[in-house]
Protein chains: 2
Amino acid sequence: MKSFKISEAVIRRLPIYLRFLNDLSQSGIQTVSSQDLGEKLDLNPAQIRKDLAYFGEFGRKGVGYNVDYLIEKIRHILKLDKPMNVALVGTGNLGRALCNYNMYLKDNMKIVAVFDADESKSGTLINHLTVQPMRELTSVVKELDISVGIITVPAPEAQNVADQFITAGVRGILNFAPVVLKAHSGVRIHHVDFTAELLSLAYYMDHIQEKSEGVFE
Amino acid sequence: MKSFKISEAVIRRLPIYLRFLNDLSQSGIQTVSSQDLGEKLDLNPAQIRKDLAYFGEFGRKGVGYNVDYLIEKIRHILKLDKPMNVALVGTGNLGRALCNYNMYLKDNMKIVAVFDADESKSGTLINHLTVQPMRELTSVVKELDISVGIITVPAPEAQNVADQFITAGVRGILNFAPVVLKAHSGVRIHHVDFTAELLSLAYYMDHIQEKSEGVFE
DNA sequence: TAGATTGTTAATCGATTAACAATC
DNA sequence: TAGATTGTTAATCGATTAACAATC
């Protein structure tokens with residue numbers, strides 16, 4: 001048994017590999033080289049080989065990687081080979097969009113409970129799920145063995161919701177609110193910050209596009 | 001006049017600073033130190049000082065940064081001090097959510113046109129905007145001087161939409177589809193990849209949380 | 001066998017952090 | 001003046017890329 005510290009950058013690339021490998025598999029392609037992957041995903045082939053090599057020897061010299069075998073391996077590494085229950089708080093436009101978007105299903109991640117602070121929404125249905133009041137959160141998280149919470153509430157309420165999730169026992173949070181959340185170590189927080197993506201995009205609009213070159217007086 | 005290459009990591013932090021500074025400003029706080037910022041945003045104070053110093057001397061030794069002055073400076077750096085027009089393609093749940101979410105307004109970014117490949121949707125209203133057919137895209141982008149395109153279509157159509165945006169003349173794309181897009185240099189693509197965020201979150205769920213430590217046999 | 005491609009080491013590159021003189 | 005905090009250099013740390021022996 002070996003013990004590694006795998007860097008976050010590596011882990012964040014694995015879902016990108018997985019997604020493209022799934023496409024290949026569906027197209028009936030059985031073998032792929034790091035060269036191919038690199039071209040399609042805009043990554044250095046050496047980086048891809050190195051990333052995968054952290055977890056084992058998945059390829060064959062002179063041949064490449066077997067697509068379905070690699071899919072299986074990455075799914076195992078990311079722990080997508082067993083079901084994981086997810087709860088969502090905040091049934092605004094974005095929250096409802098995510099509930100309907102059940103892409104996660106094939107990756108064994110499933111939204112199984114939805115909450116909203118506005119109790120007048122309790123009982124309404126979103127994609128076969130009944131909206132529940134916040135006071136039910138702790139008990140539902142425990143009953144349904146929910147390990148991940150998605151936050152789609154306005155920024156000022158996000159930290160409060162995160163605290164409730166953490167108290168209830170979730171181990172991971174996916175935050176869509178435009179605010180930096182605090183959590184004790186032991187709880188992992190990923191941030192989907194599309195306002196920041198849009199604002200940083202603005203910076204590049206008038207610049208000469210030679211690898212992040214900028215001019216200032 | 002000095003010429004820099006500012007790294008992408010630096011640019012991506014500027015909107016985070018800006019957002020928190022806006023909060024401070026609204027709370028009536030006039031001065032902030034890199035120490036304060038670092039604590040609230042989970043960043044190293046030295047990094048914050050260094051980031052800002054790429055663009056000028058915005059602080060005062062022994063005092064800190066004037067909140068409103070720094071806001072003004074960052075807004076200028078990111079080019080948020082002049083209006084920027086945005087178009088969106090794909091009026092599914094996510095697209096509609098983004099149209100309604102006009103947080104961008106105060107940052108001078110405004111969605112001014114919405115398109116959908118499904119022509120039966122043409123003419124419907126989303127938040128005061130009329131959905132238009134794809135064949136109008138090129139002319140509308142030119143007429144309204146649109147420089148950024150948002151893509152919220154299913155993955156298989158995303159590259160095609162990107163190509164149309166690029167042909168029409170946009171210089172930046174914010175892609176929400178779970179696929180890596182290709183573009184010639186000169187067009188900047190940012191990817192909001194929440195499925196990847198969710199899948200990589202799964203990896204950390206059963207791991208001891210000591211800075212990305214993992215164990216494999 | 002000849003060509004292709006992995007796994008891995010070494011070299012490079014870039015980003016973060018520590019430290020401190022300058023100065024408010 | 002004493003305390004605080006910046007701007008900036010140097011040191012550290014980590015991630016990417018190049019190169020190549022191993023081998024299919």
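Summary of computed values
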{"quantity": "Prolate/oblate/rounded call for region A:8-77, Cα gyration tensor, a/c under 1.5 rounded", "calculated": "rounded"}
{"quantity": "Total accessible area lost when B and A pair, probe 1.4 Å, Å² to nearest 100", "calculated": "7300 Å²"}
{"quantity": "Label geometry 7 Å along the beta-carbon vector: B:Arg12 inter-copy distances in nm", "calculated": "0.4"}
{"quantity": "Solvent exposure ordering (accessible area, 1.4 Å, most first) of A:His190, B:His128", "calculated": "B:His128, A:His190"}
{"quantity": "Distant-in-sequence amide H partners of A:Ser33 (H built 1.01 Å from N, under 5 Å)", "calculated": "A:Tyr65"}
{"quantity": "Label 7 Å beyond Cα on the Cβ vector: A:Arg60 copy-to-copy distances, nm", "calculated": "7.1"}
{"quantity": "Cα shape, region A:84-197, gyration tensor, a/c 1.5 rule", "calculated": "rounded"}
{"quantity": "Ascending list, in nanometres, of distances separating the B:Asp145 label from those of the other copies (7 Å, Cα toward Cβ)", "calculated": "5.9"}
{"quantity": "Solvent exposure, largest accessible area first (probe 1.4 Å, DNA, RNA and ligands not counted), of A:Lys61, A:Lys110", "calculated": "A:Lys61, A:Lys110"}
{"quantity": "Length-normalised contact order of chain A in % [C-alpha pairs under 8 Å, at least 6 apart]", "calculated": "12 percent"}
{"quantity": "CD proxy at 222 nm, helix term only [per DSSP H run n ≥ 4: -39500 (n - 2.57); per residue of the protein assembly as shown; nearest 500]", "calculated": "-12000 deg cm²/dmol"}
{"quantity": "Cα lying deepest toward the dipole's positive end in region B:84-197, options B:Leu137, B:Ile173, B:Thr152, charges on Cβ", "calculated": "B:Ile173"}
{"quantity": "Solvent accessible area, Å² - B:Ser27, 1.4 Å probe, full protein context", "calculated": "80 Å²"}
{"quantity": "Axis-proximal residue, chain A, for the rotation superposing A on B (Cβ, Å)", "calculated": "A:Ala97, 2"}
{"quantity": "Against the rule of thumb 2.2 N^0.38 Å, how large the Cα Rg of chain B comes out", "calculated": "1.20"}
{"quantity": "Contact order relative to length of region B:8-76, as percent, for alpha carbon pairs under 8 angstrom and 6 or more apart", "calculated": "41 percent"}
{"quantity": "Chain A - charge dipole about Cα centre, Lys and Arg +1 at Cβ, Asp and Glu -1, debye rounded to 20", "calculated": "960 debye"}
{"quantity": "Neighbourhood charge, 12 Å Cβ-Cβ cut-off, centred on B:Ile166 and excluding it, Lys, Arg +1 and Asp, Glu -1", "calculated": "+2"}
{"quantity": "Helix axis angle, B:8-26 relative to chain B longest principal axis, alpha carbon, degrees", "calculated": "80 degrees"}
{"quantity": "Carbon + sulfur, % of accessible area of the protein assembly as shown - ligands and nucleic acids excluded, 1.4 Å", "calculated": "50 percent"}
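The values are calculated or read from the model by the stated rules, or taken from the named source; none is laboratory data. Quick caveat: nothing in here was measured; it's all calculated off a predicted structure. All Cβ positions, glycine included, derive from the backbone under ideal geometry; neighbour counts span all protein chains shown. The protein model used for the area step is the full one, side chains on, heavy atoms only, and it has no ligands, DNA or RNA in it. Shrake-Rupley method; radii C 1.70, N 1.55, O 1.52, S 1.80 Å.
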